[in-house]
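Peer 1: Dropping a structure here in structure tokens format, bear with me for questions.
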Amino acid sequence: MRQMKREDSPHLALLEAAEAVLAHAYAPYSSFHVGAALEDVDGRIWTGCNVENAAFSAGICAERTALFKAVSEGVTSFVALAIVGRKADATAAAVEFTTPCGVCRQALNEFCDAEMPVVVAGGDGEVREYTLNELLPGAFGPKNLSDTGKRSK
Ligand code: THU
């Protein structure tokens, strides 16, 4: 993990996209708002927010919203992910380092390289940059189910 000032991050545009989509978070039960932005190999940015549900388990995290939006449009190769999370009643400055949940780490592992940067915004204008492998070491993935190590789709 590397920590740096937000303005020193090479993923500033991605962080800004994650911040912007956080405004659409639907989180009346947890009151925790999350925005995610996933950059594909062509430089296109796919955003997502968390969408909760009265039947709690039907909700989905911001990261999977972004990922599934892209995959369902035929885009399956990604280069970076940014995440911004904060309590609903917090000010814009009171962002909390929000790393992806275990289910999202596994979902990302299906399509993203182990070395893909995952950039997480925190308070005081700091960001932390992880690799997906740091967040999900020893991952079980497509290679475990194929002789070639590639997805057959
Ligand atoms: N959440 C995300 O969307 N992404 C994360 O990385 C952590 C958690 C959501 C799920 C739920 O709607 C709320 O935040 C509280 O867990």
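Peer 1: In region 21-42, what residues are away from the ligand (no atom under 12 Å from the Cβ) and in a loop (DSSP other than H, G, I, E, B)?
Peer 2: Val41, Asp42
Peer 1: Moving on. Would you check which residues across region 44-59 are within 14 Å of the ligand (Cβ to nearest atom) and buried (at least 18 other Cβ atoms within 10 Å of the Cβ) and list them?
Peer 2: Thr47, Gly48, Cys49, Asn50, Glu52
Peer 1: A further question follows. Find all pairs meeting these conditions: Cβ atoms under 7 angstrom apart; at least six residues apart or on different chains; first residue within region 61-78 and away from the ligand (no atom under 12 Å from the Cβ); second residue assigned to a helix (DSSP H, G or I) and open to solvent by 20 Å² or more (accessible area, probe 1.4 Å).
Peer 2: Listed by first residue and then by second, the contacts come to Val71/Phe111; Thr76/Phe111; Phe78/Phe111.
Peer 1: Another question, if that's okay. Given the conditions (1) out of contact with any Cys (no Cβ under 8 Å at 6 or more places or on another chain); (2) within 10 Å of the ligand (Cβ to nearest atom); (3) of a type in the set (Val, Ile, Thr), which single one is not true for Thr91?
Peer 2: Condition not satisfied by Thr91: (2).
Peer 1: Something else now. Please work out if Cys101 is near the ligand (Cβ under 10 Å from one of its atoms), of a type outside the set (Gly, Ala, Ser), surrounded by 22 or more Cβ atoms within 10 Å (Cβ to Cβ) and touching a residue at least 40 places away in the same chain (Cβ under 8 Å). Lay out the reasoning, then the answer.
Peer 2: Working: near the ligand (Cβ under 10 Å from one of its atoms): yes; of a type outside the set (Gly, Ala, Ser): yes; surrounded by 22 or more Cβ atoms within 10 Å (Cβ to Cβ): no; touching a residue at least 40 places away in the same chain (Cβ under 8 Å): yes.
Considered against the rule, which asks whether it is near the ligand (Cβ under 10 Å from one of its atoms), of a type outside the set (Gly, Ala, Ser), surrounded by 22 or more Cβ atoms within 10 Å (Cβ to Cβ) and touching a residue at least 40 places away in the same chain (Cβ under 8 Å), Cys101 comes out as no.
Peer 1: To continue, here is another question. Might you let me know whether region 4-14 holds any residue that is among the acidic types (Asp, Glu), within 13 Å of the chain's Cα centre (by Cα) and part of a helix (DSSP H, G or I)?
Peer 2: Step one: of region 4-14, the residues among the acidic types (Asp, Glu) are 7-8.
Checking which are within 13 Å of the chain's Cα centre (by Cα) leaves us with none.
No, region 4-14 has no match at all.
Peer 1: Which one of the conditions (1) within 10 Å of the ligand (Cβ to nearest atom); (2) among the hydrophobic types (A, V, I, L, M, F, W, C); (3) open to solvent by less than 40 Å² (accessible area, probe 1.4 Å); (4) out of contact with any Asp or Glu (no Cβ under 9 Å at 6 or more places or on another chain) does Ala18 fail to meet, given that it meets all the rest?
Peer 2: Unmet for Ala18, out of (1) within 10 Å of the ligand (Cβ to nearest atom); (2) among the hydrophobic types (A, V, I, L, M, F, W, C); (3) open to solvent by less than 40 Å² (accessible area, probe 1.4 Å); (4) out of contact with any Asp or Glu (no Cβ under 9 Å at 6 or more places or on another chain): (1).
The values are calculated or read from the model by the stated rules, or taken from the named source; none is laboratory data. Since the structure is predicted, the reported quantities are computational estimates derived from the model, not experimental observations. For neighbour counting, all protein chains shown are included, and Cβ atoms are generated from backbone atoms with ideal geometry for every residue, glycine included. Only protein heavy atoms, including side chains, enter the accessible area calculation; ligands, DNA and RNA are left aside. Shrake-Rupley method; radii C 1.70, N 1.55, O 1.52, S 1.80 Å.
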